[in-house]
Amino acid sequence: MSRRQVFQVGGVAAVAVGGSCAGIRLLDQPSRTLVGPGSAAVARVEAARSTSGRVVRRTLTAAPADVDLGGRVVSTWAYDGSVPGPEIRVGAGDLLQVRLVNQLPEPTTVHWHGLALRNDMDGVPDLTMPAVAPEEAFDYSFVVPDPGTYWLHPHAGIQLDYGMQAALVVEDPDEPGGYDDEVVLILDDWTDGWGQPPTKILAGFARDGMGSMAGMGSMGSMGGMDGGMGGVSSDTPLGTDTGDVAYPAHLINGRLPLDPVTITSAPGRRIRFRLINASGDTAYRFAVGGHRMTVTHTDGYGVEPLEIDTLILGMGERYDVVVEVGDGVFPVVAAPEGKPDPAAMAVLRSTSGAAPTPGARPAELTGRLLSYGDLVPTARATLTAQDVDRELELTLGMADGGRRWLINGATFADRQPLDISYGERVRITMSNRSMMFHPMHVHGHTFALAGDTGTGIRKDTVNVLPMQTVTVELQADNPGQWMAHCHNAYHAELGMMTVLSYTL
Ligand code: C2O
Ligand code: CU
C-alpha cells in the first residue's frame with residue numbers, strides 16, 4: 001500500500017474547503033463547494049506524501065532566444081536559451097523547487113505534465129495559479145510523488161508550440177534496472193521562426209476552421225481535399241486526418257536530421273530510451289533501424305516487458321523502451337504519422353562508418369506496431385480494485401468546421417465542470433464523435449485503461465481514435481481543480497478542455 005492509499009482512509013472528512021489566492025477565478029455555483037488549490041485538503045495530502053528528504057533547486061528562464069536547430073537558426077521562445085530546455089532529474093520523494101523567471105513579453109506558467117503533484121503547483125492560469133507576468137518570477141515547490149518519464153511545458157495560450165519544453169525524469173529508488181545507459185529523446189514538430197508562428201496558425205483555425213492551412217498556402221498535410229476537411233488520406237491507425245498543421249521540420253532533441261543528435265554506444269550495451277512527444281499537432285511513429293525494442297513503461301508507469309518493432313506516440317504521451325545495441329550505425333526515426341512532412345532523425349552508432357541519410361525509413365517502421373491492448377501493467381502499476389463511485393462522460397466533438405472543439409458540447413469558456421469527490425473511484429467514458437484522434441490528458445492523476453478493451457495500463461494521456469470510445473478509471477486521491485483536455489495544442493486552445501473539479 002502506498003502512502004496515498006493509506007491516506008484515503010482519512011476520507012472526505014479530512015477535506016477542507018479552500019481559500020483561493022488572489023487572481024484566481026473559480027467557477028463557483030451556489031450548490032457546489034469547491035476544493036480549491038489553496039485548500040487545507042491540498043496541503044494535507046502534500047504533507048502525507050512520502051519524502052526522500054532531498055531538495056533539488058533550479059531556475060528556469062523563459063525568454064526569446066535564437067536557437068540553432070542544426071543548420072538553421074530560428075528566433076523563438078525557449079527555456080534557458082535552448083531547445084529542449086535543460087533536463088530536470090530528481091528522485092521520487094524529492095522536494096523540487098524551481099524558480100520560473102518570465103522574460104517573455106506575455107504571461108506564462110510551467111505545467112509538470114503527468115505528475116500527481118499538489119494542485120496549487122500545477123501551473124494552470126486562473127485555475128490553479130495566476131499566470132506569471134512579464135518580468136516577474138514564481139517559485140514552484142512540491143514533492144515529486146512518482147518515478148517515471150515526465151516533462152514540462154507552459155500552460156498559457158499556444159505557448160506549447162514554441163520551443164519551451166524539457167524532460168522531467170524522476171528516478172525510481174526501486175529501479176529494477178536491466179539496462180546500461182539512458183537516453184532521453186524529445187520529439188517535436190517545429191514551425192516558429194521558420195514557417196507560420198503558432199499564434200498565426202491558431203488565428204487561422206479560429207477564422208477559417210480546418211480549411212485554414214490550405215488557405216495560408218502553408219504546404220503540407222492539408223491538401224485542401226474534400227472541401228476543407230483536408231488531410232492526406234493515408235490510412236493510419238489513428239485515422240485519415242492525424243493533424244492539420246504542416247510543419248517545415250521535425251526534431252529529436254532540438255536537432256534537424258541534417259545535423260542530428262548522435263548516440264555513441266557499443267555493441268551489446270542496453271540503452272533505455274525515454275521517449276517524449278512534446279509536439280503541438282503531430283503523432284510520431286518511432287523505430288530504431290536494425291533493432292527491436294522492449295517496452296517497459298508508458299507515461300511513467302511500468303508495463304510487463306514487450307518486444308515490438310515500432311510504436312506511435314500521441315502528443316503528450318511517453319514510452320520507455322530498451323534496445324540492445326547492434327554492431328553498426330543506425331537511424332533512430334520519428335516519422336510524423338499520416339503527414340508527408342520530413343521525419344525527425346537521430347543516429348545510434350556503435351562502430352565507425354557513414355551516418356544514415358536524412359529521410360531513411362527503417363523497415364521496423366512497418367513491423368510489429370504496439371497497441372495499448374498488447375500491454376499489461378506491472379503489479380506495482382496496477383490500480384487497486386475498487387467499486388466505481390461515480391461515472392462521468394466526456395463527449396469529444398468538433399463544431400463550425402474546426403473553428404471550435406468541444407467537450408460535452410461546450411468550449412472551455414462555457415464548460416460545465418465535472419464534479420468528483422475525494423476518495424471516489426471515478427470512471428470516465430470518453431466518446432470521440434469527431435473524425436480526428438484526440439490525445440486526452442488528465443492533470444494530477446494517472447488513470448487505468450478500463451472497460452471491455454482496457455488492460456489496466458496506467459496512462460495520463462490516451463489517444464481516443466475517431467468515433468471510438470475509451471473508458472478509464474482513476475482514484476480521486478489528489479484534491480483540487482484539474483484540467484482534462486486534448487493535448488493537440490490547437491484543439492485545446494479552440495476549446496477542447498474542461499475541469500475535473502473536487503467538490504465537497
Ligand atoms: Cu501537458 Cu494540460 O498538459
Ligand atoms: Cu484533439
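The numbers here are math on the coordinates, done by the rules we state, and not lab data. Fair warning: this is a prediction, and the values are worked out from it, not measured in the lab. Every residue, glycine as well, gets a Cβ built from its backbone with ideal geometry; the counts of neighbours run over all protein chains shown.
Observations on the model:
- Label-to-label distance, nm, for residues given as residue 306 and residue 400 (7 Å Cα→Cβ offset): 4.0 nm
- Between the stretch 266-299 and the stretch 47-111, the alpha-carbon center distance in angstrom: 23 Å
- 222 nm mean residue ellipticity, helices alone, for the chain (DSSP H n ≥ 4; -39,500 (n - 2.57); rounded to 500): -1500 deg cm²/dmol
- FRET efficiency for residue 467 and residue 207, using Cβ-Cβ distance with R0 set to 35 Å, rounded to 0.05: 0.80
- Here's the picture: a label point sits 7 Å out from the Cα of residue 431 along the beta-carbon direction, and within the stretch 488-504 nothing has its amide nitrogen under 17 Å of it.
- Spin-label model distance (nm) - residue 385 vs residue 44, 7 Å beyond Cα toward Cβ: 3.0 nm
- The modelled label-to-label distance between residue 327 and residue 56, using points 7 Å beyond Cα along the C-beta direction, is 3.8 nm.
- FRET efficiency for residue 352 and residue 97, using Cβ-Cβ distance with R0 set to 30 Å, rounded to 0.05: 0.10
- A DSSP coil position with no more than 15 other Cβ atoms inside 10 Å describes the following GluC sites (Glu not before Pro) in the stretch 133-196: 135, 136.
- Here's the picture: a label point sits 7 Å out from the Cα of residue 180 along the beta-carbon direction, and within the stretch 320-357 the residues with their amide nitrogen under 20 Å of it are 321-332, 347-353.
- Residue order, fewest to most beta carbons within 10 Å, for 323, 347: 347, 323
- Over all orientations, the chain has a Cα convex hull whose mean projected area works out to 21.4 square nanometres.
- Scattering profile of the stretch 393-504 at q = 0.12, 0.13, 0.18, 0.22 Å⁻¹ [log10 I(q)/I(0), Debye over alpha-carbon scatterers]: -0.37, -0.43, -0.84, -1.23
- Annotation: peptides 450-460, 68-78, 106-116, ranked by per-residue average of other Cβ atoms within 10 Å with the highest first, follow the order 106-116, 450-460, 68-78.
- Rounded FRET efficiency, nearest 0.05, which uses the C-beta distance separating residue 68 from residue 240 and R0 of 41 Å: 0.70
- For the chain, share of DSSP beta bridges that run antiparallel, in % to the nearest 5: 70 percent
- Dipole moment magnitude, nearest 20 debye, the stretch 267-353 about Cα centre, only Lys, Arg, Asp, Glu C-beta charged: 300 debye
- The calculated pair-distance distribution of the stretch 80-203 uses every alpha carbon pair, bins of 5 angstrom beginning at 0, and gives 2, 10, 18, 22, 19, 14, 8, 4, 2, 0 percent.
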